[in-house]
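The values are calculated or read from the model by the stated rules, or taken from the named source; none is laboratory data. Everything numeric here is computed off the predicted structure, so don't read it as measured data. With ideal geometry, Cβ positions are generated from the backbone for all residues, glycine too; neighbour counts draw on all protein chains shown.
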Amino acid sequence: MIKEFALEPDVLATSFRDFSYFIEKFGVAQGRVISRFPKDWKKMVYQAAQANLRGTRELSRIEIRLKEIKDDVLLESRRPGGDGAQPWQSRALAEHASLPFSGIIALDNPTAHPDVMISVDLDGADPRFQAFGQRHINRTSNEIVDCVGLLLDRAKTVKLIDPHFNPTRARWRRMLGLVLARLKNNGQAGVTLEIHRSDDGTLPANMQSYFDSTIPNIRPAGVSVQVFLHPLAAMHNRFILTNVGGASYHTGLDDNEDGNSTPTDLVSLLSADTFSTEWATHSGHAAFRIYL
């Protein structure tokens, strides 16, 4: 659901207008993000802008906007970056061969590679660049998780928010297992998964049993799990949030693989402001259970 693009630094360095045009096309809510490739991508953009725009007000404006780019626009790449002595596009294509981007946006395409999009020709009509912030999905555990898979692969903290979350039920446990597997393999240290559900009047001992009988058996080493209970009246919406963005699920985080519920769901990627509000709402509470 979220596309990750490699964006050549020189594309943003020709003018402030070009810089703004491209940056505004990206963000989790739009279904497109820029890969921080290589790690010094911001520095490369500024150096290219210096070469083209030194002494102009445009350079100062680009410098300010570079500092303001948020995590939901520019994501860690998970790629080593290649040989710094080689041209950026050569490095990007080499990494693309082993861990593909959704596309590569560059000033030119000397090798006529099908996944390289020339910046001056790029618009929303190009199917390679098209992306959507909302999508109907089949309520399978795989599709639920894949909607935010790119975010999970970069996440340090993940919040699963569903008022009825019950890991003893297979329809939630399947999704939970897939999330834990992605967190185990995302290469981050000290990853935390939070589960937020309602305090619906279930006896505390029974609620504890829901999680004690399940979480220790499926929690991978290196991932801590925390459970939070909230007043039932305060919980309505369902989300998967990560520290780099998130999505809302209109029906629930439980799948319909057993065929006893709604077969589809509408998933919406969150704008930066909405994400910040929901993240704050589900932060700062005392945990009901912690698994380390």
- Task: Taking the options A233, A205, name whichever one is touching a strand residue (DSSP E or B) at 6+ places or on another chain (Cβ under 9 Å), without any contact (Cβ under 8 Å) to a residue 12 or more places away in the chain and farther than 22 Å from L269 by Cβ.
- Result: A233
- Query: Before we move on, is H196 surrounded by 14 or more Cβ atoms within 10 Å (Cβ to Cβ) and either assigned by TED's automatic domain parsing to the domain that holds P80 or within 20 Å of V267 (Cα to Cα) (or both)?
  - Reply: yes
- Task: For L66, work out the one condition from (1) farther than 18 Å from G27 by Cα; (2) without any contact (Cβ under 8 Å) to a residue 40 or more places away in the chain it doesn't fulfil.
- Result: (1)
- Message: One residue is enough: does segment 214-223 have a residue meeting the conditions in a strand (DSSP E or B), in the same structural domain as R139 (by TED's automatic domain parsing), farther than 19 Å from G190 by Cβ and at pLDDT 95 or above?
- Response: no
- Counting only residues that are under 28 Å from N138 (Cβ atoms) and either surrounded by fewer than 20 Cβ atoms within 10 Å (Cβ to Cβ) or hydroxyl-bearing (S, T, Y) (or both), segment 201-214 contains a total of 2
- Task: Report, by residue number, each residue of segment 177-201 that is among the charged types (D, E, K, R) and in a strand (DSSP E or B).
- Result: E194, R197, D199
- Message: Quick check on my filter: what residues within segment 130-145 are touching a residue at least 12 places away in the same chain (Cβ under 8 Å) and part of a loop (DSSP other than H, G, I, E, B)?
- Response: A131, F132, G133, R139, T140
- Item | Residues of segment 20-63 satisfying the condition of being charged (D, E, K, R) and either over 30 Å from L152 (Cβ atoms) or surrounded by fewer than 17 Cβ atoms within 10 Å (Cβ to Cβ) (or both) | E24, K39, D40, K42, K43, R54, R57, E58, R61, E63
- Item | Filter result for the condition that a residue is assigned to a loop (DSSP other than H, G, I, E, B) and either buried (at least 19 other Cβ atoms within 10 Å of the Cβ) or not assigned by TED's automatic domain parsing to the domain that holds R78 (or both), over P100, P114, P127 | P127
- Item | Positions within segment 5-19 being in contact with a Lys or Arg (Cβ under 7 Å, 6 or more places away or on another chain) and either surrounded by fewer than 21 Cβ atoms within 10 Å (Cβ to Cβ) or within 21 Å of D115 (Cβ to Cβ) (or both), in sequence order | F5, F16
- Identify, from the list D273, D255, the residue that is under 22 Å from L150 (Cβ atoms), assigned by TED's automatic domain parsing to the domain that holds P167 and loosely packed, with under 13 Cβ neighbours inside 10 Å. D273
- If we scan segment 64-86, do we find a residue that is surrounded by fewer than 18 Cβ atoms within 10 Å (Cβ to Cβ) and more than 28 Å from V244 (Cα to Cα)? yes
